[in-house]
1. Nearest 20 debye, what's the magnitude of the dipole of the stretch 5-113 about its Cα centre given +1 on Lys and Arg Cβ and -1 on Asp and Glu Cβ?
2. I need the phi-derived Karplus couplings for the stretch 44-53: 6.51 cos²θ - 1.76 cosθ + 1.60, θ = phi - 60°, integer Hz, Gly and Pro marked x.
3. Would you compute, from DSSP H runs of 4+ residues alone, the mean residue ellipticity of the chain at 222 nm, taking -39500 (n - 2.57) per run and dividing by the full residue count, rounded to the nearest 500?
4. Return the FRET efficiency for the residue pair Glu363, Glu92: r is the Cβ-Cβ distance, R0 is 35 Å, and the value is rounded to the nearest 0.05.
5. Check Trp50: other-chain or 5+ apart residues with amide H under 5 Å from its amide H, H built from backbone geometry?
6. Could you put Cys319, Cys435 in order, starting from the residue whose Cβ has the fewest other Cβ atoms within 10 Å?
7. Can you tell me the order of 165-172, 364-371 when each peptide is scored by its average per-residue count of other Cβ atoms within 10 angstrom, highest first?
8. How many angstrom lie between the C-alpha centres of the stretch 39-58 and the stretch 378-415?
Amino acid sequence: MTGELRGASGPEDPAPGLLFAATCDLVAIVRGRAVPATAEKAFLDRGVGWVPADLAMTGFGHIADDNVFGAAGDLRLLPDSASAVDIAPDGEVPGMRVFLADQVEVDGSPWPGCPRGFLRTALQRLYEEYGLRVLASFEHEFVVHGAGGDAFSLQRLRGAEPFGSDLVACLEQAGFGPENWLPEYGSQQFEITLAPADGLVAADRAILLRELVRDLARRRGLRTSFAPILEPGGTGNGVHVHLSLIDDVGEPVLAAPGRPGGLSALGQAFCDGIVAHAPALSAIAAPSVNSYLRLRPHTWSAGGAFLAERSREALLRICPGQGHPAAAGGGFNLEYRAADATANPWLVLGALVHAGLAGLSGECVPTRVWPPEVDVDQAGAAIAPLPSSLGSALDALERDEVAVEWFPPVLLTTFLSVKRAELDELSGLDDAALCRRVSDVY
């Protein structure tokens, strides 16, 4: 088929015209530099030049004025060969090989501002302190403009062809393990889910997935949007982060039949940390102004900072394994429901792991496991609300003394600078105008 996508697997693959070293920045935009394929050895050994101030780019095309870098400094984008994905030629559109890259100092040492390095550090802490690894999957919702038909209907699914089948085939060829492709509840909305993978791989795939969807849609004459919400009162597009924990021999450790929600004591403690630090996490996972038009009760997004079994109003949902109860352990996982595609997956998963580590340390108040039928209104003050705006979420992050310590200072300072620059950019706009501005970017 034309327009195929595949992992860069061997010399039998046709040589791409360009190699692209990519990073995902603080506003979830993939940026980088390309070189000729003939320069692959030097490209992989030394990477390509980069600039610290690139980290301070807003989603609206300019560098935040109060960034800490100014015009000084140099970095390298060092490609990770294991992350390579090929986009094959498609008609007149040439092929390209894309590598996710770490931002490093010019001597190759880690740079503390690198978002990918932030996730790697969190995962390393979890393993070194508790002998645990993360399996994760990012479940994406997005809109294909012009796709008609009812929610969940075969009509809408078929109406998006051949884009849908091409997308699934592309993801399979890339080794991403697509599990579901479906027409979702919202108007023109679809959902794609991938098989679980080790934490860093899962976040890498989430970043690449968004670009692959956009690239394929453009080549099929379609327009897509991952924006959190496209119009006031509309259905939101979320990125639900599914994660589970496994021990050193690959055994799942979250499930314990007979305990509340089927969660083990370790799993409960991990969740305690996420719920306790929910306001700070919101700034990372829902980092656009109109993210907060989506995060409201009774919208099937996240109606408050609580943990519940099988409730889609919960910030953190306990998903049963196949067949339930949790005894089998297989498929049993946690779903964080407050994230969207304006967030960097490396930062989101890294912050969730750091929050879980805070819970495992015993420093967080135990949280209640609510039943599936929990009513947010009736629960009242027993369920803490999430921040109601990006500004209040950023304030919550700065006030959270534990969460602040998760981040290298240069990374946190730049994130806050970029997000406050975006707040200034959008100040004075009504909700409809906000939706238009953000959907144009994402």
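What follows draws every value from the coordinates through simple rules; no lab data is involved. As the structure is a prediction and not an experimental result, all values here were calculated from the model. Neighbour counts run over all protein chains shown; Cβ positions are idealised from the backbone, glycine included.
1. 120
2. Rounded to whole hertz, the list is 6, 6, 10, x, 10, x, 8, 10, x, 5.
3. -10000 deg cm²/dmol
4. 0.05
5. Leu75, Arg76, Leu77
6. Going from sparsest to densest Cβ surroundings: Cys319, Cys435.
7. So the order, starting with the most tightly packed, is 165-172, 364-371.
8. Answer, in whole Å: 31.
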